[in-house]
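Encoded as structure tokens, the structure appears first; notes follow it.
No value in this document is a laboratory result; all are computed from the given coordinates. From a predicted model like this one, the values you see are computed outputs, not experimental measurements. Please note: Cβ atoms are built from the backbone with ideal geometry, for glycine as well, and neighbour counts cover all protein chains shown.
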């Protein structure tokens, strides 16, 4: 530590030189190597007093502001706690309305949202870190030496700044800003994945609504078949085995209907939890034209891998982390440079001096030997930077693989949907054929009931395959970035 001190009064005099001091008290001191400090004592006194007043003003300001910050933080906390619970929906909720509620109230987004707040507070710390921190300390001596040449004031006051490097402070601030941007992108990624989950819930509820309607028709056909078998048993043209078989088919159809109702309740409960509603609150999703609500105008042919790369939150986060690591490399270099300190204090009453007042000084701390740890840290940060560069290439390849896989799934689901629709058409044609044969007397009622049941089963399979196709398209929409880009933007969290 190199310390340069500007004294506001004459230097302390030891007891051994008291006589010399009194005999030369009227002699004007000569200029020395520290001439400016001795020739202009008033200036040094003014600097020390000014620095002391500044320090006291800062302490007073922070004390007052600290109370205001505490009250403001408490108010903000109360406000935040009051808006966690989502309001009860007044009517049927569309997908867009559910998205608006979920973004503001979903507990699944609270963690990533809180991460943004934390990073912003870190950014504020770094911004205030551009100014050296000041510490105030005092010591009061209950019993201290007394005498004509001893400082009569029994206390020591000092204001000291911590080690300060402006380059390190600036790089920390820039790095904190980048960390905040990365947290925002992480929050947007979480929202995008959550919206995919929300869209899947709407699509599944819409499919279950259609399947439930078809299942009611299946149950009606089973009841009609059971009634026919019981009549045949009464008149002696049927057997008890036919009745038992018809009863089992009706029970199976009823069980499938109950399973669908349970699935609807489960999905609705998950939907309420996701958007932030209480278990007791009711929700009625608007399932009119659900696929259009969820998918919008998105089509697989209208997007591309390049667009997905431009909108990829993972790639954007990696780009920020790469830039942040470059700051870490510069920061490692900056830590090699000296740091500075400032201080002003009164003389210690235990020292053999009778001078009073504040003494202002500044110091420089130069690293001499640390086992080359700072030099190795520079190499370490450069190696980490190369890791981020390699990870970016890997992430781009992974995104391309996901993209091709999603396109392949869409093609497979589309083919399966076409097959299901073809089977549905064949079932209708056969049912129509059996209708003609039934009216001509060639076949009995169970034949036409079985044909109608096959048509309903084919229609149910078509609904299921359509659900799989829509979910595959929604997955591609999420991977392409169109889903998140359509509802949220990073600028919403920039303030």
Query raised in the report: Got a sec? Which residues in the range 314-346 would a label at residue 400 touch, if it sits 7 Å along Cα→Cβ and we count backbone N under 16 Å?
Result: 315
Query raised in the report: Expressed in nm to one decimal, what extension gain is obtained for the pair residue 288 and residue 432 from 0.36 nm per residue of sequence separation less their Cα-Cα distance?
Result: 48.8 nm
Query raised in the report: Taking the simple approach of a point 7 Å from Cα along Cα-to-Cβ for both residue 261 and residue 373, what is their distance in nm?
Result: 7.0 nm
Report task. Give, in nm to one decimal, the length gained when the segment between residue 162 and residue 336 is fully stretched (0.36 nm per residue of separation minus the Cα-Cα distance). Result -> 60.9 nm
Query raised in the report: Could you give the nm distance between label points at residue 304 and residue 217, where each point is 7 Å from its Cα heading toward the beta carbon?
Result: 4.4 nm
Query raised in the report: Which value in nm describes the separation of the simple spin-label points at residue 391 and residue 233, placed 7 Å from the Cα toward the beta carbon?
Result: 7.0 nm
Requested in this report: May I ask for the percentage of alpha-carbon pairs in the range 89-484 that lie more than 37 Å from each other?
Outcome: 55 percent
